[in-house]
Amino acid sequence: MKNRLIGRLPKVGIRPVIDGRERGVRESLEVQTMNMAKAAAQLIEENLRFPSGEKVECVIADTTIGGVADAAKCADKFNKEGVGVSLTVTPCWCYGTEVMDSDPLLPKAVWGFNGTERPGAVYLAAALAGYTQKGLPAFGIYGRDVQDAGDTSIPDDVKEKVLRFVKAALASAQMKGKSYLSIGYTSMGIAGSMVDANFFQDYLGMRTEFVESVELIRRMEEGIYDKEEYNKALNWVKDNCEEGIDPNENEKQSSRERKVWEWETVVKMTLICRDLMIGNPKLAEMGYGEEAKGHNAITGGFQGQRQWTDYYPNADFPEAILNSSFDWNGLREAFVFATENDSLNAVPMLFGHLLTNTAQIFSDVRTFWSPEAVKRVTGKELTGLAKDGIIHLINSGSTTLDATAQQKDADGNPIMKPYWDITEGEAQACLDNTRWCPANLGYFRGGGFSSQFKTAGQMPVTMSRVNLVKGQGPVLQIAEGWTVELPDDVHKALDQRTDPTWPTTWFVPRLADNDAFKDVYSVMANWGANHGAISYGHIGADLITLASILRIPVCMHNVDEKDIFRPSAWASFGMDKEASDYKACENYGPMYG
């Protein structure tokens with residue numbers, strides 16, 4: 001379990017602030033205040049990990065913070081320790097602006113203890129007012145129920161908000177300074193693959209790295225990849241990646257010799273795309289020092305269509321394997337790698353990965369099937385969660401093999417796990433339930449192999465998407481729902497009408513009391529692009545919190561209002577939560593802009 005990117009993982013800084021009046025007041029509060037900080041650190045460290053598997057580390061100020069000198073010492077320590085998230089805790093009144101965290105680039109929250117003996121809530125209100133007045137948005141955390149002064153437990157509602165804030169803030173901190181790697185550029189006129197460097201820099205603090213796809217040809221022809229690993233990978237493919245049906249007419253099908261070459265090529269492409277993202281010290285041993293360094297890419301995408309795929313095999317295999325939690329080297333953290341270089345789908349995939357530590361699904365939001373249309377085509381009624389209609393999620397490329405839903409929880413329910421919880425048997429089951437179909441040569445003249453499977457079973461998932469709106473900037477869409485499994489005959493009848501050689505996920509969004517979620521058709525009709533990023537779990541509330549940190553307004557969601565957690569300053573922009581979100585994001589602007 002090791003971070004594969006350059007740069008240390010961000011730490012969580014905890015700031016125990018206190019009433020600075022000595023000769024009795026401060027002294028009486030030292031133990032209680034520092035114990036709050038220790039309790040918060042324990043909560044965070046016991047519950048959160050990075051996608052690499054490493055545990056989140058907290059840094060507590062050396063002393064309680066009673067004034068500006070203490071605050072400056074704390075800030076200096078946080079800077080030295082690589083703190084990327086700031087959480088202030090206190091049970092008492094403090095001197096608000098004197099003890100505040102004034103770093104504009106640190107996401108910040110304040111937890112004020114709800115007790116009657118000391119005015120922690122009064123300080124919290126004063127502090128949040130100060131942060132708002134100074135243009136430093138901060139999240140306010142305050143327990144619903146009064147606690148006794150000596151109670152060191154953390155109420156469940158406080159735990160939920162602390163962890164939600166820290167997860168989102170750590171996600172934003174992990175993106176900062178990393179790269180989006182664009183291999184090629186625009187795919188088939190898709191606007192999301194027109195990579196906007198200003199968006200990545202201003203809103204995410206990320207670089208954009210551009211590599212023309214001819215670099216893959218150079219590395220293949222000049223042998224700039226690990227030959228030993230290539231042979232290992234090719235043997236693994238032969239043992240684990242069974243070919244599926246060839247959809248092409250018999251006389252147009254590629255020869256066996258050509259298919260063997262295509263397999264060899266897509267395996268090399270997988271190694272090279274990975275090396276371009278994160279580097280490979282083996283290349284330095286081979287004399288390729290520059291190539292060995294990679295681009296420090298936390299996410300990326302491959303253009304593919306059409307210039308590449310009219311001539312060379314498509315990248316469906318590299319994309320699917322990179323996005324999965326395993327390969328020929330065993331279990332490992334999934335990459336985040338978008339097909340068609342759709343950077344605006346890679347971003348919500350990255351959000352989901354950083355929030356859940358799991359692999360992500362990339363799909364076309366392809367077709368809405370009404371109950372009536374299904375009945376007409378199949379003669380069967382949709383039932384259960386699917387009774388009001390379904391959305392067909394399908395794409396030739398980036399869908400992770402984890403989406404076969406062969407990983408199970410303790411009760412045998414299908415789930416998608418962080419890689420360290422996946423068993424070797426579950427990884428094998430994902431492979432065993434996948435076929436690799438030769439590419440449709442009408443779409444992909446250069447050939448290649450697409451993963452073919454259907455998502456088995458019902459899982460809670462969240463679909464999201466970032467869109468760029470001229471004059472507005474980025475917006476985020478969110479739809480929580482479930483995967484559903486259709487009867488085989490119904491699935492086959494519907495699947496055959498598009499491309500049955502591609503992976504299928506049947507999705508049902510949770511309906512809500514707003515126009516975009518009044519029925520399943522409305523979700524499809526309001527979706528802002530042709531692609532969606534799908535993450536395991538109902539993480540809409542976490543996405544909303546992360547979006548507020550990044551100053552990206554949410555234009556569509558079905559998250560319960562009680563679960564929405566944004567900086568306290570958002571309440572100053574009106575009582576309508578979505579209108580205030582837009583206004584606050586406009587007012588504060590992108591953090592790195």
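The values are calculated or read from the model by the stated rules, or taken from the named source; none is laboratory data. Since the model is a prediction, treat every value here as computed from it, not as a measurement. Backbone-built Cβ (ideal geometry, glycine too); neighbour counts: all protein chains shown. Just so you know, the surface numbers come from the protein's heavy atoms only, side chains and all, with ligands and any DNA or RNA stripped out. Shrake-Rupley method; radii C 1.70, N 1.55, O 1.52, S 1.80 Å.
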Full-extension gain in nm, Trp261 to Asp145, via 0.36 nm per residue minus C-alpha separation: 35.1 nm
Dipole moment magnitude, nearest 20 debye, region 465-572 about Cα centre, only Lys, Arg, Asp, Glu C-beta charged: 520
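At a threshold of 8 angstrom on Cα-Cα distance, excluding pairs fewer than six apart, so keeping six or more, what relative contact order does the chain reach in percent?
The value is 13 percent.
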Cβ-Cβ FRET estimate between Val122 and Met194, R0 fixed at 56 Å, reported to 0.05: 0.65
Region 229-277: radius of gyration and largest Cα-Cα distance (Dmax), Å: 12.8, 39
Sparse-neighbour loop sites [chymotrypsin sites (Phe, Trp or Tyr not before Pro); region 124-185; at most 16 other C-beta within 10 Å; DSSP]: Tyr185
Accessible solvent surface per residue of the chain, calculated while the other protein chains remain in place, 1.4 angstrom probe, Å²: 39
Region 165-274: proportion of alpha-carbon pairs further apart than 22 angstrom, %: 57
Kirkwood Rh and Cα Rg combined as Rg over Rh, evaluated for region 448-593: 1.04
Theoretical FRET efficiency, 1/(1+(r/R0)^6), r = Cβ-Cβ of Ala69 and Lys134, R0 30 Å, to 0.05: 0.95
Dipole of the chain, positive end: most advanced residue of Val559, Ser193, Tyr311 [Cβ charges, Cα centre]: Ser193
Size of electric dipole in the chain: Cβ of Lys, Arg +1 and of Asp, Glu -1, about Cα centre, debye, nearest 20: 840
Solvent exposure ordering (accessible area, 1.4 Å, most first) of Trp93, Trp506, Trp420: Trp93, Trp420, Trp506
Relative contact order computed over region 339-447 (Cα-Cα under 8 Å; 6+ residues apart), in percent: 23
Rounded to the nearest 20 debye, dipole of region 304-385 from Cβ charges on Lys, Arg, Asp, Glu: 300
Set of aspartates and glutamates near Lys375 by C-alpha distance (under 14 Å), chain-local residues within fewer than 8 positions excluded: Asp388, Asp489
Potential extension, Glu381-Arg497 segment - 0.36 nm per residue separation minus Cα distance: 39.9 nm
Rg/Rh ratio calculated on Cα atoms of region 421-531 (Kirkwood radius): 1.03
Cα-only radius of gyration and Dmax that characterise region 349-467, units Å: 16.2, 45
Computed log₁₀ I(q)/I(0) - Debye formula, equal Cα scatterers, no solvent, the chain, q 0.13 Å⁻¹: -1.33
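Could you tell me how many cubic angstrom of Cα convex hull volume region 295-362 has per residue?
Each residue corresponds to 93 Å³ of Cα convex hull volume.
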Surface accessible to a 1.4 Å probe, Lys282 within the full protein complex, Å²: 70
Heavy-atom accessible surface of region 297-387: percent carbon and sulfur, 1.4 Å: 49
Accessible surface of Glu262 - all protein chains present, 1.4 Å probe, nearest 10 Å²: 10
Mean residue ellipticity (222 nm) of the chain, computed from DSSP H runs ≥ 4 via -39,500 (n - 2.57), nearest 500: -10500 deg cm²/dmol
Relative contact order of region 23-143, pairs being alpha-carbon contacts under 8 Å that are 6 or more residues apart, as %: 20
Loop sites in region 1-101: GluC sites (Glu not before Pro), DSSP, at most 14 other Cβ within 10 Å: Glu22, Glu54
Contour minus Cα-Cα distance for Asn329 and Asp563 (0.36 nm per residue): 80.3 nm
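Express as a percent, rounded to the nearest 5, the fraction of DSSP beta bridges in the chain (both residues included) that run antiparallel.
50
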Cleavage-rule hits, trypsin sites (Lys or Arg not before Pro), region 77-144, DSSP coil, Cβ neighbours within 10 Å at most 15: Lys134, Arg144
